[in-house]
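Please read the structure below before turning to the comments.
The values are calculated or read from the model by the stated rules, or taken from the named source; none is laboratory data. Since the structure is predicted, the reported quantities are computational estimates derived from the model, not experimental observations. Using ideal geometry, Cβ is built from the backbone for each residue, glycine included, and neighbour counts are taken over all protein chains shown. What goes into the accessible areas is simple: the full protein's heavy atoms, side chains included, and nothing from ligands, DNA or RNA. Shrake-Rupley method; radii C 1.70, N 1.55, O 1.52, S 1.80 Å.
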Amino acid sequence: MATTDCEKDIKTSVQINTGVAWATLPTSSSICMIFLMRAYRMQDIKTTREAPPTESLSPIIIMSPKDANWPGRFLCVTGLLLLSHSAYSTYERTTRTDLAYLKAVDRSETGLPLDIIIECLVSVLFFMVGVTLVAGDLKEILMETEMSKQTIDKLDARPSFITFNHRGRKGARALKTLTKRNL
Amino acid sequence: MFYPGCDDVSITFLEVLSLLAPSETRNSMSSFNFNAAVTTLQELRASGERNPELVVSLGNKIVRGKYTGGLGDEVWPVYEQIIIAALDVGDFQLADVRYNSASSSPRLTCLTALEKRFTRSTRVQRLLGMRYEAEGKLDQAAKIYEEILDVDETNVPAAKRQIAILNTRGETHEAIAALTRYLDTSYNDPESWLELCSLYLSQRMYQQAAFCMEEVLLLQGSNHVWHLKYAEILYTMAEHKLALKEFCRVIELCEDHVRGLYGVQLCTSQLLKTAPTVDLSDLNALATERILAVYSARGAPDELKRVVRRYLESA
C-alpha cells in the first residue's frame, strides 16, 4: 500500500508540474504577445468623432508609448524565452525521470529542481521591468487634475457641426499671395 | 478664433499671419519630428478641438514630405483629419493633394484614395459633402446628405451636416426646428444639446438655452465647464440664487476656478442687495479673498490686484 501511495504522490506531483508548465506557457505567451503588439504600434486606430462620447466624464486619456523602448521590448522577449524554457524544462524533466526507478528505490518525487524555479522567477523579473518600460506614462488618478487642464475650446468644440463660411477660409489663398509677393 | 457667420470680411496681413503661423518655429522645419506630429494629431482627433492651422501645417509636412508610409493603418483617420482642416482653412489643394502610392499607380487625391480604400462608405460621402459645403455649393452637399439618409435613416453625421447646412445658410429657426426634431429621437447626445444651446443663445432665448444645458448636465454631470456655462446663463436671466448654487458647484469640481470665483462674488453681491444674510456675506468675502490669492499666486503685479480689488468692491 505504501508503494501505491508513493505512486499516487509521484503521479499527482508530475501532473501538477506538467499542468503548471502547460498552463503558464500559453497564458504567458499571450500576455507577452499583447504587450509586444502594443509596443509595435498595432494599436486600435483612433477614429474621429462619429458618435459623441457617452461617458459621464470626457477625459483625454492617451497612451504615449516611448519612442525608444527597445530595452523594454528586448527584456520582454528574453523574459518570454526564459519562461517558455523553464516551462519546457519541467516537462522534459518529468518525462525523463524514471518513475519506475523511483518506485523501485522507494523514493518520492522530489519536486521541481531549484534552477528551473529560479529561471521562472528571473523571467518574472525581466517581464516586470520590460513591461514597465514598454508601457506609457502614468496619468493622475484624480479626475480633477485631468479636468482642470481641459479648456472650453477642447470641450465645447462640436466638430460635427462646423461651418466653413467664416473669414478664415480665405487664409490659405491670402498666405499664398503674400508669399508670392515675398512679404 | 473663427467667427462663423462673418462673410467675406477683408483680411489684414497681421490677421493672416496670425491665422497661419504654425505653433512650431521656422527652425523646426529642418528637423521635422514625425512622432511628435503624429501624437499631436492623435490628441487633436481625440479631443475634437478645432485647430485647423496646426493640423494643416503638420499635414502639409506629412503628406508633401511623403511621411505617410510611416503611419501604417493610421493613414485613413489622418487623411480625414487633414481634409477637414484644409477645408476649414480654404486650402483645397491640400484636400486634393496628390498622393503617390508606393506601387507608382496613377496619382490619386486624398479623397479618392479614401474612396478607393473604403468603397461606398457613408463617411467618405460625408467628406465629399463637406468639400462641396466649403466650396459654397450647398445644394449639391444637401443632395449628398439626402442620398445617405435615403439609404440609412439613422446616419447621425449626415443628419448633423444637414443642420450645419441650415446654419451656413443663416436659417437659424429652421436649424433649431431640425435639431429639436433630431434630439427627440437621440436625446443622449451632448454635442447636439450644446449646439442647440448655442443656437438659442444666438437668438437670446435664455430659458430654452438653460434647458439645453440642463440636458447636458444630465449626461455629463461632473464636468465643471457645463456647470459654468449653465451658471452664466442663469446669471444672465437674473436667477441669482440658482446661479450661485451652480457657481459653487463649479468651484467644488475644479478648485480655485477663477471664473467660478468671480461668479460667486457677483451673485452674492447681487443677493446681498435684496436679502442680506451672514452666509452670503461670508461667501462674498471668501470669494474675494480666493480671487486675490489666485492672482498673487500667479505673480500678478500690485497694480493689477488693486484694480481687481476695486472692481470687486464696487460690484
For the range B:231-241, which residues satisfy the criterion of being within 23 Å of B:Asp279 (Cβ to Cβ), assigned to a helix (DSSP H, G or I) and either outside the structural domain of B:Thr274 (by the TED database) or open to solvent by 20 Å² or more (accessible area, probe 1.4 Å) (or both)? B:Glu232, B:Tyr235, B:His240, B:Lys241
Can you say whether B:Arg123 is within 12 Å of chain A (Cβ to nearest Cβ), part of a helix (DSSP H, G or I) and modelled with pLDDT under 90, as far as the supplied structure shows? yes
Under 8 Å by Cβ, and 6 or more places apart or on different chains, what pairs join a residue from the range B:32-53 that is under 23 Å from B:Gly72 (Cβ atoms) and in the same structural domain as B:Asp88 (by the TED database) with one that is assigned to a helix (DSSP H, G or I) and among the polar types (S, T, N, Q)? B:Leu41/B:Gln81; B:Leu44/B:Gln81; B:Arg45/B:Gln81
From the list B:Cys212, B:Cys254, which one is crowded, with 18+ Cβ neighbours inside 10 Å, within 14 Å of chain A (Cβ to nearest Cβ) and within 20 Å of the chain's Cα centre (by Cα)? B:Cys212
Qualifying positions in the range A:111-139 - open to solvent by 70 Å² or more (accessible area, probe 1.4 Å) and closer than 30 Å to B:Pro52 by Cβ: A:Asp137, A:Lys139
Give me the pairs, please: first residue somewhere in the range A:160-173 and at the interface with another protein chain (Cβ under 7 Å from one of its Cβ atoms) and assigned to a loop (DSSP other than H, G, I, E, B), second residue anywhere and modelled with pLDDT of 90 or more and open to solvent by 60 Å² or more (accessible area, probe 1.4 Å), beta-carbon distance under 8 Å, and either six or more positions apart or on two chains. A:Ile162/B:Arg50
Note: among B:Leu244, B:Leu199, B:Leu194, B:Leu228, just one is under 28 Å from B:Lys305 (Cα atoms), within 20 Å of the chain's Cα centre (by Cα) and buried (at least 21 other Cβ atoms within 10 Å of the Cβ), namely B:Leu228
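So, in the range B:146-195, how many residues would count as being more than 7 Å from chain A (Cβ to nearest Cβ) and either assigned to a helix (DSSP H, G or I) or in contact (Cβ under 8 Å) with a residue 40 or more places away in the chain (or both)?
Here the count works out to 30.
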Taking B:Glu135, is it touching a Phe, Trp or Tyr at 6+ places or on another chain (Cβ under 9 Å) and open to solvent by 60 Å² or more (accessible area, probe 1.4 Å)? yes
Residue tally, condition outside any helix (DSSP H, G or I) and open to solvent by 20 Å² or more (accessible area, probe 1.4 Å), over the range B:53-90: 2
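Does B:Arg259 satisfy being in contact with a His (Cβ under 6 Å, 6 or more places away or on another chain) and open to solvent by 30 Å² or more (accessible area, probe 1.4 Å)?
So B:Arg259 does not fit the description; no.
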Which condition number in (1) in a loop (DSSP other than H, G, I, E, B); (2) within 30 Å of B:Asp91 (Cβ to Cβ); (3) more than 7 Å from chain B (Cβ to nearest Cβ) is the one that A:Ser108 fails? (2)
